[in-house]
Amino acid sequence: MKISKTVTIILLQIAFHSFGQSVRIDTLLLPRIEKSTSNSNPFKFPEIRTGNQNIDKKINAQLRRDYFSDGNGGLKPESEWVDESLFYIDFAVTFNKKGVLSLNISMESCGAYCTNWTNYYNYSTLTGEQLSINDIIDFSDNFKHRIINDKDLQFLKQKEELEVMRHDTHSGLDEESFKWALENYQNCQESFEINEFALYNDYLQIIYECHLPRMIQNLNPVIVLKYKFEDLKNLKIEP
């Protein structure tokens, strides 16, 4: 089903000025399909405005390709950006200082079952390049080992909590589900990689999620890896 409405742009009050460059994040309001969902919240997508058209084009093109690709290297027509399966799309800007932008985009799509996910993006607003964690901090072996150790300790705690549920007759956790969840915990722990990260006003967060099969999704472990800037050495950005 196609829609004739065009994407609407509204100004989101997020802006700053540094290095002689004013960076602003506008909100694209995506038109909805009436039959798509019962969710009444508007669909929102970011539009980055650095004041440099080439940089804007580079950043916005990548963001749009990640969500509205036609599968052939181009973009779908705006009228096809929203389909009947889309339930939710929104974004959050978590860091917007001194030439560095960190944001995330969350989306939920529903068919037979609903699936939701969040992608994290970090950019230099001076070049339009996507930043790696090595652009943020001198990623030494010591820091990497610290992250891995924190991850292992949190998984240990999650396994202990799972064991408590196993012996709680009111938890509803049967032996088969316990073993299934424990196996998935171990697989997630061993396959851990440091890929996504997000910046906030006073800390860096390593993003890691362990998704269990749908039947035991209520047992997804929560792993939170946050590091305050004031406790980090060799930062390459100015918080």
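Please identify the pairs in which a residue from region 214-239 that is of a type outside the set (A, V, I, L, M, F, W, C) has its Cβ atom under 7 Å from the Cβ atom of a residue that is in a loop (DSSP other than H, G, I, E, B) and open to solvent by less than 20 Å² (accessible area, probe 1.4 Å), counting only partners at least 6 apart or on another chain.
Sorted first by the residue in region 214-239, then by its partner, the pairs are Asn220/Cys210; Asn220/Leu212; Pro221/Cys210.
Got a number for residues in region 119-139 being within 15 Å of the chain's Cα centre (by Cα) and assigned to a loop (DSSP other than H, G, I, E, B)?
Total satisfying the criteria: 2.
Out of Leu63, Leu28, which single residue is modelled with pLDDT under 95 and within 20 Å of the chain's Cα centre (by Cα)?
Answer to the selection: Leu28.
Among the candidates Lys151, Lys159, which residue alone is farther than 30 Å from Lys58 by Cα, in contact (Cβ under 8 Å) with a residue 12 or more places away in the chain and surrounded by fewer than 17 Cβ atoms within 10 Å (Cβ to Cβ)?
Lys159
Scan region 197-230 residue by residue and report those that are among the β-branched types (Val, Ile, Thr), open to solvent by less than 10 Å² (accessible area, probe 1.4 Å) and touching a strand residue (DSSP E or B) at 6+ places or on another chain (Cβ under 8 Å).
Ile206
Being surrounded by 17 or more Cβ atoms within 10 Å (Cβ to Cβ), in a helix (DSSP H, G or I) and either modelled with pLDDT of 95 or more or out of contact with any Lys or Arg (no Cβ under 6 Å at 6 or more places or on another chain) (or both) narrows it down to one of Ile55, Ile48, so name that one.
Being surrounded by 17 or more Cβ atoms within 10 Å (Cβ to Cβ), in a helix (DSSP H, G or I) and either modelled with pLDDT of 95 or more or out of contact with any Lys or Arg (no Cβ under 6 Å at 6 or more places or on another chain) (or both) holds for just one of Ile55, Ile48, which is Ile55.
Tyr88 - would you say it is assigned to a helix (DSSP H, G or I), over 30 Å from Phe229 (Cα atoms) and not small (Gly, Ala, Ser)?
no
Being out of contact with any Phe, Trp or Tyr (no Cβ under 7 Å at 6 or more places or on another chain), more than 16 Å from Asn41 (Cα to Cα), touching a residue at least 24 places away in the same chain (Cβ under 8 Å) and of a type in the set (Gly, Ala, Ser) narrows it down to one of Ser79, Ser69, so name that one.
Result of the check over Ser79, Ser69: Ser79.
Checking Asn39 against (1) at pLDDT below 95; (2) at negative phi; (3) open to solvent by 70 Å² or more (accessible area, probe 1.4 Å); (4) touching a strand residue (DSSP E or B) at 6+ places or on another chain (Cβ under 9 Å), only one condition comes out false. Which one?
(3)
Tally the residues that are open to solvent by 40 Å² or more (accessible area, probe 1.4 Å) and of a type outside the set (Lys, Arg), restricting the search to region 120-145.
Within region 120-145, residues that are open to solvent by 40 Å² or more (accessible area, probe 1.4 Å) and of a type outside the set (Lys, Arg) number 14.
Return the only residue of Trp117, Trp81 being surrounded by fewer than 14 Cβ atoms within 10 Å (Cβ to Cβ) and more than 15 Å from Ile237 (Cα to Cα).
Exactly one of Trp117, Trp81 is surrounded by fewer than 14 Cβ atoms within 10 Å (Cβ to Cβ) and more than 15 Å from Ile237 (Cα to Cα), namely Trp117.
Does Ala112 qualify as being small (Gly, Ala, Ser) and outside any helix (DSSP H, G or I)?
Yes; evaluated as a whole, the condition is true for this residue.
The values are calculated or read from the model by the stated rules, or taken from the named source; none is laboratory data. Note that the structure is predicted; figures quoted are calculated from it, not measured. When we count neighbours, we look across all protein chains shown, and the Cβ atoms used for this are built from the backbone with ideal geometry, even at glycine. Side chains included, ligands, DNA and RNA excluded: accessible areas come from the protein's heavy atoms. Shrake-Rupley method; radii C 1.70, N 1.55, O 1.52, S 1.80 Å.
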